[in-house]
Amino acid sequence: MRREYEKPPIEKLAEFYQNTQSFWANTNQNVRRYTKKSLTQGWQISTVKNDQTFQDFLKIYNQTKDRQNFAIQTTKYLKNLFNQQNSRLIVLYNSQNQPQSVWFGLTSEQTLTYLYGGNTEESFKNHGQYLLHLVAVAMGATEKLRFYDLGGYDSHSGYGKFKENYRGTIRNFLGPIDFVLNSPKYSLISLLIKFIKIFRR
């Protein structure tokens with residue numbers, strides 16, 4: 001099946017990487033080494049949002065969930081989030097056009113935030129996860145966003161150790177944040193909850 005690909009191509013990413021060495025100099029040696037190496041592994045990159053790339057995302061995300069045994073949101077929830085104007089998607093394909101690595105995130109004021117992702121063994125062997133983050137950094141720069149947020153952090157987990165290598169600033173928030181996708185429905189439910197609480201008193 002032919003898939004639609006969108007820039008940045010590998011050549012442009014390699015140029016971006018070279019032109020932003022002041023940023024990459026703050027990361028550790030492994031990040032620099034494997035990011036550079038990821039540019040030579042024959043990856044094809046898609047940042048297109050359509051039904052096919054969403055299905056490709058779901059496939060790799062679910063495989064990763066099953067392998068690592070963690071819970072995920074429902075397909076309906078993810079699709080709803082995917083359909084929002086501020087959602088972003090990156091999918092890496094191998095030379096046989098098969099998805100191997102995925103990245104899903106959102107833009108908000110000044111920030112591109114990584115929410116969900118996954119990799120196959122082929123991606124790990126060919127440093128796909130490093131290329132995903134290079135594409136995300138380039139995407140944020142193109143959209144003139146100040147911050148790239150790598151998402152949740154746990155110092156005891158493998159992904160936490162991976163994120164530490166980027167040597168960013170750890171930001172702490174008061175708690176979970178809900179993205180309201182349907183404002184009227186959310187307002188109505190919130191109002192009903194308030195009335196129920198008052199009635200129970």
All positions within the range 101-119 that are among the aliphatic types (A, V, I, L, M) and within 19 Å of Ile60 (Cα to Cα): Val102, Leu106, Leu115
Answer residue from the range 34-71, given it is touching a Leu at 6+ places or on another chain (Cβ under 8 Å) and among the aliphatic types (A, V, I, L, M) and is farthest from Tyr114 (Cα to Cα) among those: Leu39
Residue in the range 136-149 that is in contact (Cβ under 8 Å) with a residue 40 or more places away in the chain and in a loop (DSSP other than H, G, I, E, B) present: no
Test: residue in the range 155-167 that is of a type outside the set (Gly, Ala, Ser), touching a residue at least 60 places away in the same chain (Cβ under 8 Å) and under 20 Å from Gln55 (Cβ atoms): no
Contacts under 6 angstrom Cβ, first residue in the range 37-50 being touching a residue at least 24 places away in the same chain (Cβ under 8 Å), partner of a type in the set (D, E, K, R), 6 or more apart: Thr47/Glu6; Val48/Glu4; Val48/Glu6
Test: residue in the range 137-159 that is in contact with a Pro (Cβ under 7 Å, 6 or more places away or on another chain) and surrounded by 12 or more Cβ atoms within 10 Å (Cβ to Cβ): yes
Boolean, Ile196 is exposed (fewer than 15 other Cβ atoms within 10 Å of the Cβ), part of a helix (DSSP H, G or I) and among the β-branched types (Val, Ile, Thr): yes
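Could you tell me whether any residue of the range 65-81 is under 12 Å from the mean Cα position of the chain (by Cα) and modelled with pLDDT of 95 or more?
Checked against the condition, which is being under 12 Å from the mean Cα position of the chain (by Cα) and modelled with pLDDT of 95 or more, the range 65-81 yields no hits at all.
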Residue within the range 84-96 that is in contact (Cβ under 8 Å) with a residue 60 or more places away in the chain and farther than 22 Å from Arg33 by Cβ present: yes
Leading residue by the ranking (surrounded by the fewest Cβ atoms within 10 Å (Cβ to Cβ)) among those in the range 33-60 that are out of contact with any helix residue (DSSP H, G or I) (no Cβ under 8 Å at 6 or more places or on another chain) and among the hydroxyl-bearing types (Ser, Thr, Tyr): Thr40
Meets criteria (under 26 Å from Arg33 (Cβ atoms) and either part of a loop (DSSP other than H, G, I, E, B) or among the acidic types (Asp, Glu) (or both)) for Arg171: no
Segments classed as helices (runs of 4 or more DSSP H), wholly inside the range 22-103, with at least 3 members that are touching a strand residue (DSSP E or B) at 6+ places or on another chain (Cβ under 6 Å): 51-68
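The values are calculated or read from the model by the stated rules, or taken from the named source; none is laboratory data. Computed from a predicted structure; not experimentally measured. Cβ coordinates were reconstructed from backbone atoms using ideal geometry, including for glycine residues, and neighbour counts include every protein chain displayed.
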